[in-house]
Each structure stands twice: as C-alpha cells, then as structure tokens.
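First up is the structure itself, then whatever we jot down about it.
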Amino acid sequence: MANWNDPQPNRTGFGASPSLDGKAIGQATYDVGLRRHMLSIYNYMASGVLLSGIVALLFALSGVAGQVMATPLRWVIALAPLGFVFAMSFGVHRMKTSTLQLLFWLFSVAMGLSLSAIFLIYTGPSIATTFFATAASFAGLSLFGYTTKKDLSAMGAFMVMGLVGILVAMVINIFLQSNGLALAISILGVLIFAGLTAWDTQRLKNEYHQVAGTEFAGKAVVMGALSLYLDFINLFQFLLAFLGDRR
C-alpha cells in the first residue's frame, strides 16, 4: 500500500532529473506526490471492496444471512452502512485520521453484511461475471476521469441531481412494485454512477493541491476511498439488478 503519510513529502521521485529550474523540480515533486496520493486512495478503496466481498460471502455461506434477512434485523444491517457514511462525512474535521480509518474498515464490514443478501437472490456465476464487468468498467471510467482535460464539474452536478431522482423513484417503487420502473431505475443507476466515477476521480485529483503536505492529507485519502467505493458498489448493484440471474 502506498504511504500517504510520507515524512518526506517534498522529495523528488526516483528517476527525476535534477534541474536548476526550481519550477521544473517542483512540478516533478508534485506529480510524484499526486501519483502516491491517488494510489493510496485506490489501495484503500480496493481493500475495502475486497473486505466487503469476503464478509458478504462468509455471512451468506454460514446460513446466518438467510435467517437474519427474514427478521426486522435486516433493516439494521441495511441501514448501518449509511450511518457510517454520515458519521465520517460530518465528523471528518473533528476526527483523527486513525479514527476515520477504523470507521472505513467498519463501514466495509457493515457493507459486506448488507451485500450478503445478493448471494441469496442471484446465482454465484452471475455475481462473479457482473463483478468483473463492474471492475473493468470502473477502471476505464476512472482512468478517463484522471486523464481527461475536460472539466467534468457540470456533468458531476447533473449526475448528483439524477441520483436524487433515482432515490425518489426507488422509494416510490417500494409501493408500486413495478418491474418496468425497476428496470429503468437500474439502467439509469448504471449511467449515473458511471458518470460519478469519472467525476469523482477528477475531483479527487484536482483536490490534491489543497491537501498536499497538510495534516488533512491522510483524511483526504480515506474520504476519497469512500467516495470511489460507493461509486463502485452502486455501479455493481445496479448492473447486477438487470444482468444477474436470479435463483
């Protein structure tokens, strides 16, 4: 895992050519720091997804998930990840970096418990196929967000508004139980979180200059990982909703 808490944040990267031009040296150092920062975010995000997957699989295979999902406790499991997200988002400036890290791992475990339900609904091969499709799509979208010169801010704002609309539609469909509306929600959900993946990646890249060399750098890594984790998991769930084979 990349070391975001580097005690020497101003050193130049391996292979950087020294120069009498201070600006050139500064840019090289910035680029090395940016790569280290983004790699740390991806490491945290990938580790969180892996932890959630392991927890979900073990919880489902244990047989406990099937029993719990038939009780009111399922609502506690379903809403627990949201509680961690709110706690981290609103407490980021008050908490220590180590506290945020702990909450991120606890969030990943809670998400794993929540995701265990998919193993009761969908077949294993379709879950695996959708996961790898999501991983490939996420990688391409994130790479686009990182490398594009186009400002994605307007698209990001539009996607956030679309997300609000999706949430409202999902609540309405709890009462309507419309298969057609459910399919439309899944398709729109995929498009929205595809756009959010690219936008969040660009946003995190652009925010680096604000946190580089500050005490907030470690917190920014954890919160950045949380953002990309949510993009990945939601993209996966919406894809699974219309690509997955039900048991």
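What the table shows:
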read-out: Leading residue by the ranking (farthest from PHE216 (Cα to Cα)) among those in region 1-54 that are at pLDDT 95 or above and of a type in the set (Gly, Ala, Ser); value: GLY53
read-out: Candidates LEU34, LEU100 - the one that is surrounded by fewer than 18 Cβ atoms within 10 Å (Cβ to Cβ) and assigned to a helix (DSSP H, G or I); value: LEU34
read-out: Inter-residue pairs, beta-carbon under 8 Å, first farther than 22 Å from PHE132 by Cα and in region 218-241, second outside any helix (DSSP H, G or I) and of a type outside the set (A, V, I, L, M), 6+ apart; value: GLY218/TRP4; GLY218/ASN5; VAL221/TRP4
read-out: Qualifying positions in region 203-247 - in a helix (DSSP H, G or I) and of a type in the set (Asp, Glu); value: GLU207, ASP231
read-out: Single condition THR148 does not satisfy, out of (1) among the β-branched types (Val, Ile, Thr); (2) within 16 Å of ASP245 (Cβ to Cβ); (3) surrounded by fewer than 16 Cβ atoms within 10 Å (Cβ to Cβ); value: (2)
read-out: Condition check for THR134: over 16 Å from the mean Cα position of the chain (by Cα) and touching a residue at least 24 places away in the same chain (Cβ under 8 Å); value: no
read-out: Residues that are among the polar types (S, T, N, Q) and crowded, with 19+ Cβ neighbours inside 10 Å, drawn from region 194-226; value: THR197, THR201, GLN202
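The values are calculated or read from the model by the stated rules, or taken from the named source; none is laboratory data. Fair warning: this is a prediction, and the values are worked out from it, not measured in the lab. Quick reminder, even Gly has a Cβ in these numbers, built from the backbone with ideal geometry, and neighbours come from all protein chains shown.
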